[in-house]
1. In this structure, does residue 150 turn out to be in contact (Cβ under 8 Å) with a residue 40 or more places away in the chain and either in contact with a Gly (Cβ under 9 Å, 6 or more places away or on another chain) or away from the ligand (no atom under 12 Å from the Cβ) (or both)?
2. Kindly indicate whether any position in region 44-60 is touching a residue at least 60 places away in the same chain (Cβ under 8 Å), outside the structural domain of residue 114 (by TED's automatic domain parsing) and more than 19 Å from residue 151 (Cα to Cα).
3. Considering region 333-355 alone, what residues qualify as being out of contact with any Phe, Trp or Tyr (no Cβ under 8 Å at 6 or more places or on another chain) and either open to solvent by 50 Å² or more (accessible area, probe 1.4 Å) or not small (Gly, Ala, Ser) (or both)?
4. Evaluate the following for residue 128: is it in contact with a strand residue (DSSP E or B) (Cβ under 6 Å, 6 or more places away or on another chain) and of a type outside the set (Gly, Ala, Ser)?
5. In region 253-278, what residues are charged (D, E, K, R) and open to solvent by less than 10 Å² (accessible area, probe 1.4 Å)?
6. Keeping to region 291-313, report how many residues are open to solvent by 30 Å² or more (accessible area, probe 1.4 Å), in contact (Cβ under 8 Å) with a residue 60 or more places away in the chain and either not assigned by TED's automatic domain parsing to the domain that holds residue 245 or not hydrophobic (A, V, I, L, M, F, W, C) (or both).
Amino acid sequence: MSTPDAFVHTSQPSRVIFGSGRLSELPAELDRLQLSRVIVICTPPQQATGNAVADLCGHRAHSVYPHATMHVPRSVAAAACEYVNTHEIDGAVVVGGGSSVGLGKALALETGLPILAIPTTYAGSEMTPIWGITDHGDKTTGRDVKVLPRTVIYDPDLTLTLPASLSVSSGLNALAHAAEALYAPDGSPIIEMMAGEAARALTKALPAVATNPTDKAARAELLYGAWLSGACLGATSMSLHHKLCHIIGGTFDLPHSEVHAIVLPHVLSYNLDGAPRARGILSRAVGADDPAALIYSLSQQIGSSTSLQDLGMSGGNIELVVSKATANPYSNPRPVTAESIRSIVSGAFFGTPPKRNP
Ligand code: NAD
């Protein structure tokens, strides 16, 4: 692979602690950040994990706040801000997936509160300065370095309880970040190295986790790949795949990681024909000439849903997606035309094998 002629690379300023059992370093990390009155944010189903994390924080924990929900509704963010201001909280420990991290980021955006993140899915939000808040179904997103968690503790032991199906879709969500980073307009040699390594680790670990969700070595490899993918997401601009998933998930209120998992092979099949360098890196990383076909057959083999109609989208809405996805221009390695979007979304809707588009 030749060296790129020119690039710009910005590293995000965060500290990452990775490894089985490393959650035990949480109290020392809070002391390092000089936080002595934190809330522990989680989703309602993960309250037991939130309680355990608060116990570990000891006297540094003020309370557990188990009210994170998907896509950060503005009302949820506003209530959390009021809680933090009323109780003189000095930091947030967020434990969980992108929903918990998202609520922490909304708080940081409004109040400047420092965040320590403990991810338990593979969504990657903990490595990005991207925030999102939803108002009546419309999600506004932006970038601000103050929402980037100061410290991230990746402890694969915490992912052992993530159900196999969610582990697979979340892992493919991570793979989508790495894949689109490879043809991002603001990529760099470091991004290429991270994205290729992420794709290798994710595609190796996914079948093992799907077969045995308590396989600790595979869980660690999946989380390692998710870390690298999240770093790629945080450092680059995403293209058609993320745009489409944002539209499909947001418009029809469909689950985030499942939509990513279904759409990814169809977009890659189209886009990689216009991104030979990305195709080369991805092909070598996953050990297949056609990465899109490999991802599709991996999804089938490990029992991940492959069609949007299975998630509850209506076929009559394909044209709505086409019109939204072509409404504004954005960077993509191949032209974003109504015809190409229709073909990609139809393939994802019916779950047919991805086709190489002319
Ligand atoms: P999620 O955080 O909603 O988690 C999905 C479900 O899994 C929840 O019910 C949660 O309680 C449960 N869960 C999480 N970890 C678990 C574990 N270890 N064991 C058992 N259950 C567990 O879903 P997600 O896919 O992680 O995140 C999706 C959200 O993150 C979306 O709102 C998306 O837009 C956002 N996101 C943001 C960014 C960013 O950079 N801003 C990046 C990726 C995703």
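The values are calculated or read from the model by the stated rules, or taken from the named source; none is laboratory data. Computed from a prediction, not measured in an experiment: that's the story for all the values here. As a convention, Cβ positions derive from the backbone with ideal geometry for all residues, glycine included, and neighbour counts pool all protein chains shown. In case anyone asks, the SASA skips ligands and DNA or RNA and just uses the protein heavy atoms, side chains included. Shrake-Rupley method; radii C 1.70, N 1.55, O 1.52, S 1.80 Å.
1. Considered against the rule, which asks whether it is in contact (Cβ under 8 Å) with a residue 40 or more places away in the chain and either in contact with a Gly (Cβ under 9 Å, 6 or more places away or on another chain) or away from the ligand (no atom under 12 Å from the Cβ) (or both), residue 150 comes out as yes.
2. No, that holds for no residue.
3. 335, 337, 339, 341, 342, 345, 349, 350, 352, 355
4. no
5. none
6. Selection size over region 291-313: 4.
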